[in-house]
Amino acid sequence: MATANGGTDSIEKADVKGSIGAILDYSSRIGKEEKVAMEMAIEEFNSQYSNQHIDLLINDSQGEPIQAALAARELVYRHRVKAILGPQTWEEASLVAEVGSQAYTPILSLAYTTPQWATERWPFLIQASADQSAQMKAIAAVIESQDWHRVTVVYEDIPSSATGAVLQLSEALKDVGIEIGHLLPLPPLSSSSSLVEELQSLKEGQCRVFVVHTSLQLGVHLFETAKKMEMMKEGYIWIITDTISSLVHSIKASTISSSMDGIVGVKSYFNENTPQFKIFRGRFRRMFISVHPDEEKNEPGIYAAKAYDATWAAALAMTGGRGTGQQLLEKISNGQFDGLTGKIQFSDQKLAPAHIFQIVNVVGKSDRELGFWSETSEEESGFWRDRRALAQVVWPGGPRNTPRGWTPPTDEKPLKIGVPSGSTFKQFVEVIQDGNNISFNGFSINVFNATVERLPYALPHKLYAFNGTYDELVRQVYLKKFDAVVGDVAIVAKRFEHAEFTQPYAEPGLQMITPVRSKSSNKAWLFMKPFTRAMWILTTFINVYNGFVVWLIERNHCNELKGSVLNQIGTLLWLAFSTLFSLHGEKLHSNLSRMAMVVWLFVALVITQSYTANLTSMLTVQQLEPTVADIETLKSSNSMIGYCRGSFVSAYLKDVLGFNEKNIKNYSSPEEYAKALKDGQIAAAFLEAPFAKLFLAKYCKSFMAAGTSYKVGGFGFVSAFSLFFFHTGILKVIGFSCTKLMDTLPYLSLFMALILLFSRKGTAEDPAKGIIGAIVDHTSRIGKEEKVAMEMAIDDFRLYSNGSLRLHIENSQREPIQAALAAMDLINKHQVQTIIGPRTWEEASLVAEVGSQAHVPILSCASATPQWASERWPFLIQASPNQQAEIEAVTAIIRSWGWHRVAIIYEDIDSVASEVIPHFTYALQDIGAEISRLVALPPFASSLSKELTSLKKEQCRVFVVHSSLSFATHMFQQANQMGMIEKGYVWITMDTITSLAHSLNASTISTMQGVVGVKSYFNETEPKFQDFYVRFRKKFSLEHPEEENHELGIFAVQAYDAIWTVAQALVGNNLGGQHILEQISLTSFHGLTGLVEFTGRRIAPLRRFQIVNMIGRSYRELGFWTSESGFTDTMDEKLDYNPSMRTLGQVFWPGGPWSIPTGWTLPSSYKTLKIGVPIGSVFKFFVNPMYDSENNLSFSGLTIKIFEAVLEYLPYYLPHQFIPFNGSYDALVLQLVHPEFDAVVGDVAITAERNRHAEFTYPYTESRLVMIVPVQTRNRAWLFIKPFTKSMWALTTIINIYNGFVIWLIERNHCSDLKGSVSNQIGVLLWLAFTTLFSLQGQELHSNLSRMAMVMWLFVALVITQSYTANLASMLTVETLEPTVDDIESLKISKAVVGCSRGAFVANYLEKALGFHTDNIRRITAPEEYAQALRNGEIAAAFLEAPLAKLFLARYCKGFARAGPTFKVGGFGFVFPKGSPLLVDISEALLKVSESGKLQELENAMVASQKCVNMDWEEEDSSLSPNSFWVLFIITGGTSTVALLTYIAHDHRTLMNHWTHCKRRIPRKVSDLESSTNSPNMPAS
């Protein structure tokens, strides 16, 4: 012990105003620094306050909790100290706090980890060390900034680490979306061999990011071992917490340089540049080196500064005279001053938390500062959230590039991945069997392989073929037969009960496929459709005009064109229209008429061929229609329909679309579908969208899609609930475990003191053969049953073996210290050879310590025993099965009824928190449920009413109770009074309560009506048990007449079997405890509970449980649950596995209703979910913020409606508030990290980058990016020349002239028409050349040579004209509007400007993925702006997400079109923080909305609300108008006009002479007529 004032012991009594005690570990660096700092503080205080004198008394704890407790008792009761500065570890501080609270002495704990509830448990405890939660956030920020996604946490296996740092670190990592891949607890002072073994397991794994939270001593040992194992080289990342990094200054330089180079650490920050600290530092170094010359370094750290400040806090509170402990506690709590570490101020007896931390890098012989991290952005010392703000890091092995954080595994069990072998469409999944070898091909396999390649770590896996339905395949994941499933597995809500899905990799949708048929519409007037009315009129007019020209020119050369007026009109019309069908070339005599006729014939050819082509196009496009228009027709006609065998579609057709099950047939191949549709076996087939696309690609001419596409499905990969979301939930609750071990330690100091007083010498009883000890709680029902059963077992064994076994039973009174004293008494006084331990682990752990020291085997009957217990206590044997299988039975009940949130109420003792709760977390994760709240209640807690009231206000109504029977009865009485055993509530009790239900009286059971319980099963029908049962009831009723019920339970038969286990090991055994231990471990016999045998000093686990229901005055058996068969009515082992409790029959729930409770209710007080909503949405139809007259903001739009529909499908109420956000979508998603919002609802696209910060539901829209461009009308004026190229037209012309020349040359001597003037012969030659295309002139040919040439040319002409017709028909069949841009390459080459929505991910995608230059990307804020920019040519194309493109084209349907390929990205989804428990529920509800048709209905309504806006684009008609032929009409009309004018000019004189002659003849005839009229010889009329 040391004192202040230079360590002298001579202090004048008159000057002493009080004493302060301190408990430190002198052997540790922390203790050494703290001791010097405290002595300096007291010395300075006494010097500064001359009228006060405070004595400092320091005791050494030696790092042992028991020594710390003894030291505290000495300081309090012997030295009468006023306050104690507590030790550094919580294991010691908790015991000291117990001593201090009992003595009303304030304890200032310097422990770096202190539970939140500690000051309530120990009212005189003050937390003088800052909480570590902010430090863990700093570590999480370091990891997040380097893009590492998985870490391993290595920590010292002491309660303070598990309950404090590891828990807080897990929460911090979860907030930023980082998984803890592995937790590695290391025992304090681990041996080198065990450390090598543990590190080897880490080395063989993939993760290379290690966070280390240990003491300095263990940390140095760890890094030295890691160095030897080559784990401090390139690729490894080691991050240390404050417990090591704040002591780096004290580590030897040789150790740092050899073993710790490259480590990154986070350490508590305090300003070392203040004058106060500089003075302290100088004095500290001088004093420290004088006291500890063995230490190489003498710098003070944060622990010295904290000890200095804590000493001043206690000393200042003691000024002003004497007072009570309570007054001193209040003065310390209310005091505040500026200390070395900053402002010292307490709140609720806790030091204000630290917010600034230093990031350091261990390099060379010391550490160097990289920068700072602050929890608040206002700190001037710096705000760091990514690595760019820090100095360059030197990683292990020397690289300056950031390690990737993972490595391929060297020896890791591969994932077992199931693959469906019965896929209907082998293009997706094909299982190929080649002898004994199986290979897998298909699109799904390729996508999975590509996905694995992009993971930031290797994923060892093996594919296994599965022959069964898809539902059964998904269920195999739940049954743990497979770790995942890869294949064409549709994402549907029902399958969420068994597993989780990735985002879909194939488009969702269910499509109806039907055969095609010709339209039955009226075709009587179809012949008029190819031309418009104007075209028919113009064609008629030009025909008449051309006929008139030819008639006028040829009428003097042809008698047929003469005659009466009517005859000439008829001839003219005949000539005009017959030209369309036959030639009159042989009747034409003038080259002018021939010229007009040739042109007109060409035009006539084009017009007739165009008519044919357009009519062909109309018939081709319009003649095919589906045989069935919609599903209503199918249902009303009772038609048969088909679906893929094994898919979800059958249930969807029946349950959602309402088809009769008898009308649904399944098929297993596309060929079967095609045949069934063709033969009429089925009227329609319903295929998932990817399958429909494949089917129609193969059978494109016979079948087509019809009706509505239903938004369901979409293919995704399947995994277990815990595979994609790692077991981080266990860390959420681990904090409620290890700390409870400390509850028993205040008694341990007394126990260890007493153990020294006892000795095995001089006992009152000589050793005797076969002595068994037992420790039970005589006051409890379990203890009473166990005592009777043990006594009966001893009697039965004596009769069986004629042995002389003796049994000594001690009463523990359920007090751990009493159990320890009883064990000592049994060993030292009664010389027992083995002890059957108590029922609770709190008692059993102390008895195990006594037994292991005395080498006496201990059979623990405690149900919750830690895994490491048998290693710590080598003589401990677990004689009671662990509770893991029981927990699985409880979670199976929860899963059966579809409950997703559970509140667990448990007695606040170490065994429950450390063993039961973690197992619950794992089991609930496996079924997709979560613990909504943990309610830890001390036995007979005064706060029970308060806690139950709090639970009543929350939503969750499913409560699992794990406690002692006495606690449970008290709780249910209270709950019944508060109206919590009523309709809507669900209570499930564990075996510790249910297996004692037989002992409850009717009044107690009346408060538990409707409770469902799980109890251990054993066969009560065997004769051996029946005999025991009769004898037990008789003996029990005699010994315990106060008990109403004399039935026995599992605890009695376990105690009976335990005695037989020990007795058989003791028979004929005169050896020591080790041999007895071995004999017990080898035990195997059939007891009352079944087969009794041990594995690794643990009894075989129990796998069978009874499910009971409290009703009436007792309970009734509902059935059984086994790990092999699930739920069953009987214990027949041959039954198939049944995962649902619903098969057990009707359950009577609390309040009497037979209907199934929902498991949730509307909360009376609940935190409202803050949901961020983007207000800058380009398309307001998705998210539209609106202000009313009072300036209140509300939101509407498709996204909001879908979200509200989703909430209706949730199994619980979700209060929420929409909060507007004005910023980019990326910034909005980042708000979930900080976190400003609890979720985001809006038109937020799902991208890989955003998925790094948050998690998305399944998309509720299409997942594509579409290019929108203006359309342009194809120029039809010259369309007639498009079927042939220019070279083809030229060659055709040359060949025609050449053939005409050949015919003319051969035939000119045989035909007078081929002779005449040169011009006449040229005209005839050209006429002959081109008229061959339209008619045969074989009858006029005289030479076989010309006939041969003509036949070949006529064949060629036929092919050419028909090819022209076909090609023209094809051109007219395709869309008449064409995009202005065909693909993105032309955009990039031309450096065209493109548009995208402001704030969306698209701009980054265009730049990074598609290669557009940033300067050529324009952000647009409204659909109108898009339309205007596209129309005006400001942008050449717009890139929109598919749902936005659909809206845009619905509104601007006439001016724009999709073009180019679509890119599979995005899709809109709702966003939640990483690890959000709401994600699975919302995703499942969203699928239900989709499958119900509601999603499709909302989307259709939105699209239908868009009225097409006319952007001055003319609507295209499939009929051909004059616009398509105006060039031809001008040519033919012009040609005829030229011929007419030439004819008029050439024959003008003849015409004038003829006209003059006519004029002369008319007057002459008139004169003659007049003369004859006036002649007298004319007769009278």
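The values are calculated or read from the model by the stated rules, or taken from the named source; none is laboratory data. Every value quoted in this text rests on a predicted model; they were computed, and no experiment measured them. Reconstructed Cβ throughout: ideal geometry from the backbone, glycine too, with neighbour counts over all protein chains shown. When the accessible area is computed, the model is the full protein with side chains, heavy atoms only, and any ligands, DNA or RNA have been set aside. Shrake-Rupley method; radii C 1.70, N 1.55, O 1.52, S 1.80 Å.
In the set Lys952, Lys1034, only one residue is surrounded by 15 or more Cβ atoms within 10 Å (Cβ to Cβ) and either part of a helix (DSSP H, G or I) or in contact with a helix residue (DSSP H, G or I) (Cβ under 9 Å, 6 or more places away or on another chain) (or both); that residue is Lys952. In summary, strands (runs of 3 or more DSSP E) completely within segment 258-372 and bearing 2 or more residues that are small (Gly, Ala, Ser) occur at 264-268, 342-347. Within segment 1013-1029, identify whether any single residue is under 20 Å from Ile782 (Cβ atoms), part of a loop (DSSP other than H, G, I, E, B), in contact with a Phe, Trp or Tyr (Cβ under 6 Å, 6 or more places away or on another chain) and among the β-branched types (Val, Ile, Thr), and answer yes or no. No, that holds for no residue.
Among residues of segment 151-178 being modelled with pLDDT of 85 or more and within 30 Å of Glu1249 (Cβ to Cβ), the one that is surrounded by the fewest Cβ atoms within 10 Å (Cβ to Cβ) is Thr152. When you check Asn811 against the structure, is it at pLDDT 85 or above, surrounded by fewer than 18 Cβ atoms within 10 Å (Cβ to Cβ), over 50 Å from the mean Cα position of the chain (by Cα) and not basic (Lys, Arg), yes or no? Against the criterion (at pLDDT 85 or above, surrounded by fewer than 18 Cβ atoms within 10 Å (Cβ to Cβ), over 50 Å from the mean Cα position of the chain (by Cα) and not basic (Lys, Arg)), Asn811 qualifies. On the stretch given as segment 30-54, residues that are more than 13 Å from Trp312 (Cβ to Cβ) and at pLDDT 90 or above total 7. Residues that are among the small types (Gly, Ala, Ser) and either assigned to a helix (DSSP H, G or I) or farther than 26 Å from Ser870 by Cβ (or both) within segment 206-238 comprise Gly219, Ala226, Gly235, listed in sequence order. Checking each residue in segment 676-710 for being farther than 15 Å from Phe428 by Cβ, open to solvent by 40 Å² or more (accessible area, probe 1.4 Å) and assigned to a helix (DSSP H, G or I) picks out Lys678, Asp679, Leu696. Filtering Phe496, Phe548, Phe501 for residues that are aromatic (Phe, Trp, Tyr), within 30 Å of Phe443 (Cα to Cα) and at pLDDT 80 or above leaves a single hit, Phe501.
Only a single item in (1) in a helix (DSSP H, G or I); (2) out of contact with any strand residue (DSSP E or B) (no Cβ under 9 Å at 6 or more places or on another chain); (3) open to solvent by 20 Å² or more (accessible area, probe 1.4 Å) is not met by Leu70, and it is number (2).
Taken over segment 191-215, the residue count meeting the criterion of being touching a helix residue (DSSP H, G or I) at 6+ places or on another chain (Cβ under 7 Å) and either modelled with pLDDT under 85 or more than 19 Å from Gly405 (Cβ to Cβ) (or both) is 5. Consider Gly1010 against the criteria (1) farther than 30 Å from Gln831 by Cα; (2) open to solvent by less than 30 Å² (accessible area, probe 1.4 Å); (3) in contact with a strand residue (DSSP E or B) (Cβ under 6 Å, 6 or more places away or on another chain): it satisfies all of them except one. Which criterion is unmet? All conditions pass for Gly1010, except number (3). The combined condition, being assigned to a loop (DSSP other than H, G, I, E, B), modelled with pLDDT of 85 or more and within 23 Å of Phe357 (Cα to Cα), is fulfilled by Ala111. Here Ile1435 clears all of (1) in contact with a helix residue (DSSP H, G or I) (Cβ under 6 Å, 6 or more places away or on another chain); (2) modelled with pLDDT under 85; (3) more than 19 Å from Val1244 (Cα to Cα); (4) among the aliphatic types (A, V, I, L, M) except the condition numbered (2). Contact map, segment 663-675: residues that are part of a loop (DSSP other than H, G, I, E, B) paired with residues that are of a type in the set (Lys, Arg), Cβ distance under 8 Å, separation 6+ or inter-chain. Pairs shown: Ser668/Arg645. Among the conditions (1) of a type in the set (A, V, I, L, M); (2) modelled with pLDDT under 85; (3) under 19 Å from Thr1161 (Cβ atoms); (4) in a loop (DSSP other than H, G, I, E, B), the only one that Ile981 does not satisfy is (2). Residues that are of a type in the set (A, V, I, L, M) and at pLDDT below 75 were ranked within segment 907-935; the one that is surrounded by the most Cβ atoms within 10 Å (Cβ to Cβ) is Val912. The set of residues from segment 430-448 being open to solvent by less than 60 Å² (accessible area, probe 1.4 Å) and out of contact with any strand residue (DSSP E or B) (no Cβ under 6 Å at 6 or more places or on another chain) comprises Gly435, Ser444, Ile445, Val447, Phe448. Between Ala1409, Ala1438, the distinction of being open to solvent by 10 Å² or more (accessible area, probe 1.4 Å) and over 18 Å from Ser1224 (Cα atoms) belongs to Ala1409 only. Taken together, the residues in segment 1082-1098 that are open to solvent by less than 30 Å² (accessible area, probe 1.4 Å) and in contact (Cβ under 8 Å) with a residue 60 or more places away in the chain amount to 3.
If the condition is being in a helix (DSSP H, G or I), out of contact with any Gly (no Cβ under 6 Å at 6 or more places or on another chain) and buried (at least 20 other Cβ atoms within 10 Å of the Cβ), then segment 825-853 contributes Ile827, Asn828, Trp841, Glu842, Glu843, Ser845, Leu846, Ala848, Glu849, Val850, Gly851.
Screening segment 1195-1274 for strands (runs of 3 or more DSSP E) wholly inside it with 3 or more residues that are over 26 Å from Asp175 (Cβ atoms) returns the ranges 1265-1273. Residue count for segment 960-1007 satisfying the condition of being of a type in the set (A, V, I, L, M), closer than 28 Å to Trp841 by Cα and open to solvent by 10 Å² or more (accessible area, probe 1.4 Å): 2.
Has segment 105-120 got at least one residue that is among the aromatic types (Phe, Trp, Tyr) and either open to solvent by 10 Å² or more (accessible area, probe 1.4 Å) or in contact with a Phe, Trp or Tyr (Cβ under 6 Å, 6 or more places away or on another chain) (or both)? Scanning segment 105-120, I find at least one residue that is among the aromatic types (Phe, Trp, Tyr) and either open to solvent by 10 Å² or more (accessible area, probe 1.4 Å) or in contact with a Phe, Trp or Tyr (Cβ under 6 Å, 6 or more places away or on another chain) (or both), so the answer is yes. Scanning segment 854-869 for residues that are within 24 Å of Phe920 (Cβ to Cβ) and open to solvent by less than 20 Å² (accessible area, probe 1.4 Å) yields a count of 7.
Out of curiosity, is Ile84 buried (at least 22 other Cβ atoms within 10 Å of the Cβ), modelled with pLDDT of 90 or more, part of a helix (DSSP H, G or I) and of a type outside the set (Gly, Ala, Ser)? The answer is no for Ile84.
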